[in-house]
Amino acid sequence: MPIALVPALNPLLAFIASGEGGYNSMNQGTSGGRIVGSTHNAASKLGKNLTDMTIGEVMSFQASKQLFAAGRYQVIPTTLRGILPLTGLTPADRFDQKNQDRFGIALIMQRKPAWDYLTGKSNNREAALLALAKEWASLPDPRTGNSFYGSGNKAQHGVEEVTRAVEQARAALIGSGGAGGPGGAGAASAGGIGPVGLLVAAGVVYLIVRGFRR
């Protein structure tokens, strides 16, 4: 069963995507310290839009080195393989808009310092911002203001801007139902989410299909 979409996270997901890409954005990795093959129209490189592919097709293009970072959240090959079980999706499912957003949610969830802060389990905001910067190169390292990564990557936002987006998401999640309750995110183990349980966020119960540690 795919993880549910979390409406309270939509503004944060849109903020992250504003520095990463659209649903059909892609690149082909780096060469000489520069990002290559970057486009918002995957069909121009691959003959087909990402949103029209299955997840398995995306993985095949990544395996053949024709595709590196894929979609709205610029998911790279190792991350796509690793995060797929947490989304509850399979290679046969579409890499469409809704499922890409499921990847975005799962990517936030598996960064434990970020998810714990957003759901009120932790008050360590800097750790949350650093965790997100490690996931997305467009988000700044809160200690430096620069991208955590080199190789042509640059932060597309300031630390204060990211802080506002994270605080708004935290208020939305906690204020509209929070993450507490039996089996909720507050009951997640110290080592990661899961392995199988329920997440309560924004007043809705979500099934966590499998744990993922980072």
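Working out 0.36 nm times the residue gap between Asn41 and Ser18, then minus their Cα-Cα distance, what length gain in nm do you get to one decimal?
Value of the extension gain: 6.7 nm.
Got a sec? How would Met53, Met109, Met1, Met59 order by Cβ neighbour count within 10 Å, fewest to most?
Fewest-to-most Cβ neighbours within 10 Å comes out as Met1, Met59, Met53, Met109.
Quick one: which residues, 5+ away or cross-chain, put their amide H under 5 Å from the amide H of Ala70? H built at 1.01 Å from N.
The list, which skips near neighbours in sequence, is Val75, Ile76.
Between Asp141 and residues 5 or more places away or on another chain, which pairs have amide H atoms under 5 Å apart, with H built 1.01 Å from N, and which residues are they?
Residues meeting the criterion, in which the H sits 1.01 Å from N, are Asn146, Ser147, Phe148.
State, to one decimal in nm², a quarter of the convex hull surface area for the C-alpha atoms of segment 1-89, i.e. the direction-averaged projected area.
6.2
Looking at segment 99-153 from every direction and averaging, what is the projected area of its Cα convex hull in nm²?
In nm², the orientation-averaged hull projection of segment 99-153 is 4.0.
What order, most packed first, do the peptides 97-108, 78-89 have when packing is the mean number of other Cβ atoms within 10 Å of each residue?
The most tightly packed comes first, giving 97-108, 78-89.
Can you put His40, His157 in order of Cβ neighbours within 10 angstrom, beginning with the fewest?
Fewest to most other Cβ atoms nearby, the residues stand as His40, His157.
Using Cβ contacts closer than 10 Å as the measure, can you line up Lys65, Lys134 from fewest to most?
Lys65, Lys134
So who's got an amide H within less than 5 Å of the one on Thr54, skipping anything under 5 residues away but keeping other chains? H placed 1.01 Å off N, in plane.
Phe95
Read-outs throughout are calculated quantities, based only on the coordinates presented, and are distinct from any laboratory measurement. Owing to the predicted nature of the structure, the values given are computational and were not obtained by experimental measurement. Here the Cβ is made from the backbone with ideal geometry for all residues, glycine too, and neighbour counts use every protein chain on show.
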